[in-house]
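Working notes, beginning with the structure itself.
The values are calculated or read from the model by the stated rules, or taken from the named source; none is laboratory data. Computed from a predicted model, the values in this text were never measured in an experiment. Please note: Cβ atoms are built from the backbone with ideal geometry, for glycine as well, and neighbour counts cover all protein chains shown. Please note that ligands, DNA and RNA were not included when accessible areas were found on the heavy atoms of the full protein model with its side chains. Shrake-Rupley method; radii C 1.70, N 1.55, O 1.52, S 1.80 Å.
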Amino acid sequence: MDYVVASMVVDSPVVIFSRTTCCMSHTIKTLIGGFGANLTVYEIDEVPNGEQVERELQQMGCNPSVPAVFIGQQLIGGANQVMSLQLRNQLAPLLKRAGAIWI
């Protein structure tokens, strides 16, 4: 994992890289937040090093670069991967193992 992104995901069980104008980012934040998850959101169009963060996310295989979801410091992927986990009833257990939810 590249340095800037790695330093941003280390202290939180769930990190979502987003854009304020991205409807899919909003959907994923709402979905994960709906579990009562302890999450950190970085809006890459508002953070000072947003362009570097976006380049690193793309180098990690995120295309499009947002939303990019990390759970337990591991890259889960974008909206398709998160929705797929939810449909297979695997998202909540993953959040629980990462310490993001306690139910």
Return only the number of the condition from (1) surrounded by fewer than 21 Cβ atoms within 10 Å (Cβ to Cβ); (2) within 15 Å of ALA100 (Cβ to Cβ); (3) in contact (Cβ under 8 Å) with a residue 12 or more places away in the chain that VAL69 does not satisfy. (1)
Among the residues of segment 41-60, what is the count of those that are in contact (Cβ under 8 Å) with a residue 24 or more places away in the chain and either among the small types (Gly, Ala, Ser) or open to solvent by less than 40 Å² (accessible area, probe 1.4 Å) (or both)? 5
Identify all residues within segment 1-56 that are within 16 Å of ALA100 (Cβ to Cβ) and touching a Gly at 6+ places or on another chain (Cβ under 6 Å); write none if there are none. PRO13
Of all strands (runs of 3 or more DSSP E) completely enclosed by segment 7-103, which ones contain at least 3 residues that are at pLDDT 95 or above and among the hydrophobic types (A, V, I, L, M, F, W, C)? 14-18, 68-71
Which of the residues that make up segment 20-39 are over 21 Å from ASN89 (Cβ atoms), touching a strand residue (DSSP E or B) at 6+ places or on another chain (Cβ under 6 Å) and open to solvent by 40 Å² or more (accessible area, probe 1.4 Å)? THR20
ARG88: passes all of (1) farther than 18 Å from ASP11 by Cβ; (2) in contact with a helix residue (DSSP H, G or I) (Cβ under 8 Å, 6 or more places away or on another chain); (3) surrounded by fewer than 15 Cβ atoms within 10 Å (Cβ to Cβ) but (2)
Would you please name the residue that is farthest from PRO67 (Cα to Cα), looking only at residues in segment 7-21 that are among the hydroxyl-bearing types (Ser, Thr, Tyr) and within 12 Å of the chain's Cα centre (by Cα)? SER12
Checked GLU56, GLU51 against criteria (over 23 Å from LEU94 (Cβ atoms) and of a type in the set (Asp, Glu)); the one match is GLU51
